[in-house]
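Here's the structure we're looking at; comments come further down.
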Amino acid sequence: MLSNILLDFQWHDLINPEFYIVHGGLWLLLFVIFAETGLFAGFFLPGDSLLFVAGIYSSDLAAQVFVSGNSVIDLFILWILISVAGILGNYIGYWFGKKSGPFLYQRKDTFFYKKKYLLQANEFYTKYGGWAIVAARFVPIIRTFAPIVAGIVRMNFSRFVWFTFMGSALWIPAFIAAGYLIGNVPAIKEYLNYIMAAIILAVTIPAVTRIIIEVKKAGRDYNDKS
């Protein structure tokens, strides 16, 4: 299987969600979600659109572990498996951030690194950390770094776990259900690329706007205390 993937691979396939499904199936899908939700190198991977396409292929993907013959059960199986992959990714990101945090707190300021930004992040996560983890699930790139930052600022782990589960419970079924319902309508299949882009923008723009507002507010609160 790996040899076939390498033979067919083109660089633009890295952001093509269908490539992962067609060539790697369920296991590559799970690895991509794991990497995109907690590993530095996974920030460019297509999480939202990949879940959408997974919804379209839900029966084929679920059949790799359990043949049910029922579309609802297939979607439920995908939800559970993808949730496990995403939660594990978040845990790894949190662990990495927690281990590297002491180094970052001791590091001297440079042009690219300012300790005050880390302290501001601490203020932000102390006040809004849980909801930041939930919102980050819907925001590409931020989704990758949110658990790492939570670990760096040593967000309460029980709180982190709770909101990680909540984020998975909202993010994953929203996209796989949309893929199943929309992607299997023959009349609109040729417009899937546009639909995926519209869905990603619809969930990304409000979340990014909210996070920017809260970050700026946390920064002002920190500066007022300084």
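The values are calculated or read from the model by the stated rules, or taken from the named source; none is laboratory data. Quantities reported herein were computed from a predicted structural model and do not represent experimental measurements. No Cβ is skipped: glycine too gets one built from the backbone with ideal geometry, and neighbour counts run over all protein chains shown.
Looking at the range 173-180, can you tell me whether even one residue there is at pLDDT below 75 and assigned to a helix (DSSP H, G or I)?
No, that holds for no residue.
Does any residue in the range 60-84 that is under 24 Å from residue 35 (Cβ atoms) come within less than 6 Å, Cβ to Cβ, of a residue that is assigned to a helix (DSSP H, G or I) and of a type in the set (Asp, Glu) six or more places away or on a different chain, and which pairs are these?
As it stands, the answer is 62/74, since those pairs meet every condition given.
When the range 63-93 is examined, which residues are found to be in a helix (DSSP H, G or I), surrounded by fewer than 19 Cβ atoms within 10 Å (Cβ to Cβ) and of a type in the set (Gly, Ala, Ser)?
71
Conditions (1) on the phi > 0 side of the Ramachandran plot; (2) under 19 Å from the mean Cα position of the chain (by Cα); (3) not aliphatic (A, V, I, L, M), marked per residue:
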| residue | (1), (2), (3) |
| --- | --- |
| 27 | no, yes, yes |
| 34 | no, yes, yes |
| 39 | no, yes, no |
| 42 | no, yes, yes |
| 49 | no, yes, yes |
| 53 | no, yes, no |
| 64 | no, no, yes |
| 69 | yes, no, yes |
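What residue, among those in the range 137-159 that are part of a helix (DSSP H, G or I) and touching a residue at least 60 places away in the same chain (Cβ under 8 Å), is farthest from the chain's Cα centre (by Cα)?
Among those residues, the one meeting the criterion is 157.
How many residues does the range 16-40 contain that are crowded, with 17+ Cβ neighbours inside 10 Å, in contact (Cβ under 8 Å) with a residue 60 or more places away in the chain and in a helix (DSSP H, G or I)?
2
For the range 37-91, give me each residue that is modelled with pLDDT under 85 and closer than 30 Å to residue 154 by Cα.
Across the range 37-91, the qualifying residues are 38, 39, 40, 41, 42, 43, 44, 45, 46, 47, 48.
Residue under question is residue 191, and the condition is that it be at pLDDT below 65, in a helix (DSSP H, G or I) and of a type in the set (Phe, Trp, Tyr); does it hold?
Considered against the rule, which asks whether it is at pLDDT below 65, in a helix (DSSP H, G or I) and of a type in the set (Phe, Trp, Tyr), residue 191 comes out as no.
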